[in-house]
Amino acid sequence: MFAVHFKTGTIMPNHLSGVQLLTERYPTHEHYPYNLPLFSETKSLSFSTPVTLFVGENGSGKSTLLEAIATACGIYIWRTGSNSRYRYNKYEASLHRYVKVEWVNGSVPGSFFGAQIFKDFAAILDEWASTDPAQLELFGGKSLITQSHGQSLMSFFRSRYKLEGLYLLDEPETALSPSTQLELLQLISENAKAGHAQFIVATHSPILLACPGATIYSFDKMPVSNVKYEDTEHFKVYRDFLNNRNKYI
């Protein structure tokens, strides 16, 4: 499957062309995450553009699917350890086994970003740098934990996304100001145009959703379907609020 470069019209391949959900092989349909409508009513997703955006309400399953895709692609998700849970769900971490990934020209390296996971990674990187300071040069030359959260995120994004790979981001706007979200939008767009990076992003940000040429998948209706930017609930809510904020206050 091929993608058209933003604005240039140049045809080039994505790294990942799509995923299939092997619903007939699920170990259960009664336990999370398999009991979410997403995982019974959506059979596959196609990634035909360099940037794909997942949008939908909390609990719709977009972040769960994003992590499963990352794991199925062999992308390591940095975590410092597991926390105690009130009730253990043996099915919770198994979804990736039922996600079939479809590469264009073989697998590529990449990374998964999530706000809490990034904190764990930043701490691990600092431990590495205590014995090998050169490790920091790969991520902007400064300790990520000594910068503000927004600064450390952008330092990581600038350094990582200039490399060839598949990049999955889970709500990266969480700690970013609107102006920094614009900066991230530009960074994603530029690296996608360059042809080496492919992005799949779960977001609530109407700024990131405005990425030119991106495919937007809505998780608010089943099966998951492609929607236009102006038809997303997030765009409508922000537009209506900014046009008539007194109505909501």
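The values are calculated or read from the model by the stated rules, or taken from the named source; none is laboratory data. Treat the numbers as computed from the prediction; the structure is a model and nothing was measured. Note that we place each Cβ from the backbone using ideal geometry, even for glycine, and neighbour counts take in every protein chain shown.
Computed values, structure above
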| item | result |
| --- | --- |
| Residue pairs meeting the criteria (Cβ under 8 Å; at least 6 apart or on separate chains; first in a loop (DSSP other than H, G, I, E, B), in the stretch 16-38; second surrounded by fewer than 17 Cβ atoms within 10 Å (Cβ to Cβ) and among the basic types (Lys, Arg)) | Leu22/Lys100 |
| Residues of the stretch 175-197 that turn out to be among the polar types (S, T, N, Q), surrounded by 16 or more Cβ atoms within 10 Å (Cβ to Cβ) and more than 23 Å from Val108 (Cα to Cα), as a count | 2 |
| Condition check for Ala115: modelled with pLDDT under 85 and farther than 23 Å from Leu169 by Cβ | no |
| Unmet requirement for Ser63, which otherwise passes all of (1) at pLDDT below 95; (2) out of contact with any strand residue (DSSP E or B) (no Cβ under 8 Å at 6 or more places or on another chain) | (2) |
| Yes/no for Ile200 being crowded, with 22+ Cβ neighbours inside 10 Å, touching a Cys at 6+ places or on another chain (Cβ under 7 Å) and either free of Cβ contacts under 8 Å to residues at least 24 places away in the same chain or within 25 Å of Glu164 (Cβ to Cβ) (or both) | no |
| Contacts under 7 angstrom Cβ, first residue in the stretch 70-87 being modelled with pLDDT of 95 or more, partner β-branched (Val, Ile, Thr), 6 or more apart | Ala70/Ile77; Thr71/Ile77; Ala72/Val99; Ala72/Val101; Cys73/Val101 |
| Checking Tyr98 against (1) in contact with a strand residue (DSSP E or B) (Cβ under 6 Å, 6 or more places away or on another chain); (2) at pLDDT 95 or above, the condition it does not meet | (1) |
